[in-house]
Protein chains: 2
Amino acid sequence: MYSFSDKLKNLNGTATREILKLTARPDMISFAGGMPAAECLPCDTIAEIASEILSGKNAASVLQYGQTEGRPELNAELVGYLSSAGITADVENIQVVSGGQQGLDLLCKAFINKGDVILVENPTYLAFLQIAKTYEARAIGVDTTADGLDLNDLEIKLKKHRPKLLYVVPTFSNPTGKTYTRENRESIIALCKTYGTVIIEDDPYGRLRYGGELVPTMKQLDKSGETVVYVTSFSKTVAPGLRIALCCGAAEIIRKVSIGKQGVDVQNPALCQMVIAEYLKRGYFEKTLEKNIAVYRARRDAFLAALDKYMPKDVKYNRPEGGLFIWAELPEYMDSAEILPEALEKSVAYIQGNEFFADGSGRNTLRLNFSNSNEARIEAGVKILSELFATKIKERNNG
Amino acid sequence: MYSFSDKLKNLNGTATREILKLTARPDMISFAGGMPAAECLPCDTIAEIASEILSGKNAASVLQYGQTEGRPELNAELVGYLSSAGITADVENIQVVSGGQQGLDLLCKAFINKGDVILVENPTYLAFLQIAKTYEARAIGVDTTADGLDLNDLEIKLKKHRPKLLYVVPTFSNPTGKTYTRENRESIIALCKTYGTVIIEDDPYGRLRYGGELVPTMKQLDKSGETVVYVTSFSKTVAPGLRIALCCGAAEIIRKVSIGKQGVDVQNPALCQMVIAEYLKRGYFEKTLEKNIAVYRARRDAFLAALDKYMPKDVKYNRPEGGLFIWAELPEYMDSAEILPEALEKSVAYIQGNEFFADGSGRNTLRLNFSNSNEARIEAGVKILSELFATKIKERNNG
């Protein structure tokens, strides 16, 4: 009955959010979502910090309005946090945001007019595709290679569309778990610089490395500091429920992001900001991260071992060095979205891969999360999925 | 150097935010802003609740991802909270948002295409005018009377523009402190129903009544439940730093608001949501509100007494029955924006009135906040302002 905006009238919520509601059932083994392990959430530490903040002399200021850019104590810690990751930034280069998601949304708000093209990896983070829709942008996928983006395809599309933005998750990508090489990153930056395209480097997983060699962030490799805007979050490394993340980029861009945030929600809750500030200041971050990495490494290994043991050989999957996801490809003739209801019936959830493709392709792919289930459930779930896929393959071969 | 979006390229932050930065100076007597009194922020209660939540059995779930619509414990409390204010709502009618501001932003996102008209009271909440700009909407002001909106002017503009939205702050309005009569509210709803216009009733101040008779909210008077979307917040009654507010409206509208929020920031921090849920559940809300009302009533009375005592009689001002603001009109030939730098130099801040007018008029008006200064500072600040305005009037009369 209502006349909704063009932005939202055809959006009915992502498939992911709907699947995530199903996965709240305790019997469900969920390889959907991208939730940190409950065991990795630092409840005691945060309880201790929050209690000190709220009974301390600055308690009233934490409950009062504060500046949009971020709580000064947090922004000061973030300068150090970025510096320890090799990124040089000043306070004017940082905006605190409500989850990486808000950073992506505000960057689109700052740059995108209706009809503008945004280049993305194909496949890419599905929520970014949804954000692009709400800004009535055209998300166009760039082909990939084992090293990262296909540079020829990237240059063709930069030349053709002259896009304002390229969006990438170059480290332990969502959904594929892939990491771009240093050379690929440098070439992407050089190309984008030439065509005046700003790169959004979304890096929620970079700190979750379980093996292999560290690759510098694109933000580190962007010597001018003008081409890459870096978005990172404490959702995967501390606690998503606090909704603390940051954008780091040229002061001129960050100023627009701040103005966008003023109109949207004024500021992040100061209590959550102070919790992260103290968490960093007291050195809990590195210590807890190390423990969490051990948990996630074990889960990744268990997942890969179960896949190796049970999955039919026609199903391909990668072996990510970090992050939260394994990416699988079924034989071309199979459709992961069609099979999903049967998997859910058997109490195993995953995300259908086509959700991550700007062009809706990739129907034979799926994303598997390994962070949020313990080893026993991982083995049980992978076994169920493997048997289901094997049945489908057998039916096809017999039919 | 960057090519920003049409939405943001001409937005350089509200004058208010810039003034608010100045008012952080401890010597500044600030009648700008709309901050609750630091003394009214329930630090001890919130410290106690937060500590119990974070050491309780649901601590991990508070730090984990949750559903976009709102934490179920909070949404259940909000049904009761609204019911006690005479508003019948089910969970499907409620979306938790990050401050009333986000509710307004998401409602614009749900309804507004570039170029759409939004009717607003003239003057109105300045941040709403900024939000309208970010959606490239045309905000058109409706004339007012002592009773509320001028119904003739409203009907002419509804007929002419067929707007999707009318935005009003009908109770202790920001900026004027005015309250629409019940009859005026009923007529506005009937007219908007006829023309298919959705009313956004922004009500952050309604619970802060210091005298006079309770007037029903427009949401209560909207018998069909289809015309009015109600936005209210705990920023003025509990603590703005928690950023907890809600939208209440027809399920179809709330669903779009939820989808908009999914893309924007996924959810409010669960800790802040649980703090408000427990604050309501344990009955702290009504008890604390009563104490806070006594503080604010005394400040309003002190402000009016100082105005009566010091302000030249050419300066007019109202006597609001609630809320946080007094609205003043200087003689027509004066410009409050021009005088503001001199006031700031004398360490008194206010907000220039023209910021609140969709058409930039009202240059002789100003908004005065009385909640955030104690009685001594109120008297001192009003005296300084009165003398400054008196000097200007005298100069004019002598010149």
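The values are calculated or read from the model by the stated rules, or taken from the named source; none is laboratory data. Values in this document were obtained by computation on a predicted structure and should not be read as measured data. Counting neighbours? That spans all protein chains shown, and the Cβs are built from the backbone with ideal geometry, glycine included. Heads up: the accessible areas ignore ligands, DNA and RNA and are worked out on the full protein's heavy atoms, side chains in. Shrake-Rupley method; radii C 1.70, N 1.55, O 1.52, S 1.80 Å.
The C-beta contact set for region B:136-154 (first residue under 12 Å from B:Ile188 (Cβ atoms), second residue open to solvent by 60 Å² or more (accessible area, probe 1.4 Å) and outside any helix (DSSP H, G or I), distance under 8 angstrom, 6+ apart or interchain) comprises B:Leu149/B:Asp143; B:Asp150/B:Asp143; B:Asp153/B:Asp143. Of all residues in region B:277-313, those satisfying the criterion of being under 24 Å from B:Ile94 (Cβ atoms) and surrounded by fewer than 20 Cβ atoms within 10 Å (Cβ to Cβ) are B:Lys281, B:Arg282, B:Gly283, B:Tyr284, B:Glu286, B:Lys287, B:Thr288, B:Leu289.
Within the span defined as region A:35-42, every residue fails to be closer than 27 Å to A:Ala328 by Cα, more than 9 Å from chain B (Cβ to nearest Cβ) and touching a strand residue (DSSP E or B) at 6+ places or on another chain (Cβ under 8 Å).
Residues that are of a type in the set (Asp, Glu) and buried (at least 20 other Cβ atoms within 10 Å of the Cβ): does region B:92-114 have at least one? Yes; the residues of region B:92-114 include at least one that is of a type in the set (Asp, Glu) and buried (at least 20 other Cβ atoms within 10 Å of the Cβ).
Scanning region B:17-34 for residues that are closer than 29 Å to A:Val275 by Cβ and open to solvent by less than 20 Å² (accessible area, probe 1.4 Å), which turns out farthest from the other protein chains (Cβ to nearest Cβ)? Out of the qualifying residues, it is B:Ser30.
Go through region A:75-97 and give me each residue that's in contact with a strand residue (DSSP E or B) (Cβ under 7 Å, 6 or more places away or on another chain) and either farther than 23 Å from A:Lys287 by Cα or touching a residue at least 40 places away in the same chain (Cβ under 8 Å) (or both). Residues satisfying the conditions are A:Leu78, A:Leu82, A:Ile87, A:Ala89, A:Asn93, A:Ile94, A:Gln95, A:Val96, A:Val97.
Being assigned to a helix (DSSP H, G or I) and among the small types (Gly, Ala, Ser) is the filter here, so list the residues in region B:302-328 that pass it. Matches in region B:302-328: B:Ala302, B:Ala305, B:Ala306.
For first residues located in region B:248-271 and under 18 Å from B:Ser224 (Cβ atoms), partners that are among the acidic types (Asp, Glu) and open to solvent by less than 10 Å² (accessible area, probe 1.4 Å) and lie 6+ apart or on another chain with Cβ distances below 8 Å do not occur.
Residues satisfying the criterion are absent from region B:245-263 (criterion: open to solvent by less than 10 Å² (accessible area, probe 1.4 Å), within 8 Å of another protein chain (Cβ to nearest Cβ) and of a type in the set (Lys, Arg)). Within region A:48-66, the set of residues being at the interface with another protein chain (Cβ under 7 Å from one of its Cβ atoms) and not β-branched (Val, Ile, Thr) comprises A:Ala50, A:Ser51, A:Leu54, A:Ser55, A:Ala59, A:Ala60, A:Leu63, A:Gln64, A:Tyr65, A:Gly66.
Here the condition is being in the same structural domain as A:Ile276 (by TED's automatic domain parsing), surrounded by fewer than 24 Cβ atoms within 10 Å (Cβ to Cβ), closer than 30 Å to A:Leu368 by Cα and among the polar types (S, T, N, Q); of A:Thr144, A:Thr88, A:Thr179, A:Thr124, it holds for A:Thr144 alone. Just one residue in the set A:Val168, A:Val228 is more than 30 Å from B:Ile112 (Cα to Cα), crowded, with 23+ Cβ neighbours inside 10 Å and touching a strand residue (DSSP E or B) at 6+ places or on another chain (Cβ under 6 Å); that residue is A:Val228. Consider region B:116-136 and keep the residues that are part of a loop (DSSP other than H, G, I, E, B) and closer than 21 Å to B:Asp153 by Cα. The one that is farthest from the other protein chains (Cβ to nearest Cβ) is B:Asn122. Taking the criterion of being open to solvent by 10 Å² or more (accessible area, probe 1.4 Å) and small (Gly, Ala, Ser), the residues of region A:332-381 that qualify are A:Ala337, A:Ser347, A:Ala358, A:Gly360, A:Ser361, A:Gly362, A:Ala376, A:Ala380.
Condition check ((1) at pLDDT 95 or above; (2) of a type in the set (Gly, Ala, Ser); (3) in contact with a strand residue (DSSP E or B) (Cβ under 9 Å, 6 or more places away or on another chain); (4) assigned to a loop (DSSP other than H, G, I, E, B)) across all residues:
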| residue | (1), (2), (3), (4) |
| --- | --- |
| B:Glu338 | yes, no, yes, no |
| B:Ser361 | no, yes, yes, yes |
| B:Arg367 | yes, no, yes, no |
| B:Ser371 | yes, yes, yes, yes |
| B:Ala380 | yes, yes, yes, no |
| B:Ile384 | yes, no, yes, no |
| B:Thr391 | yes, no, no, no |
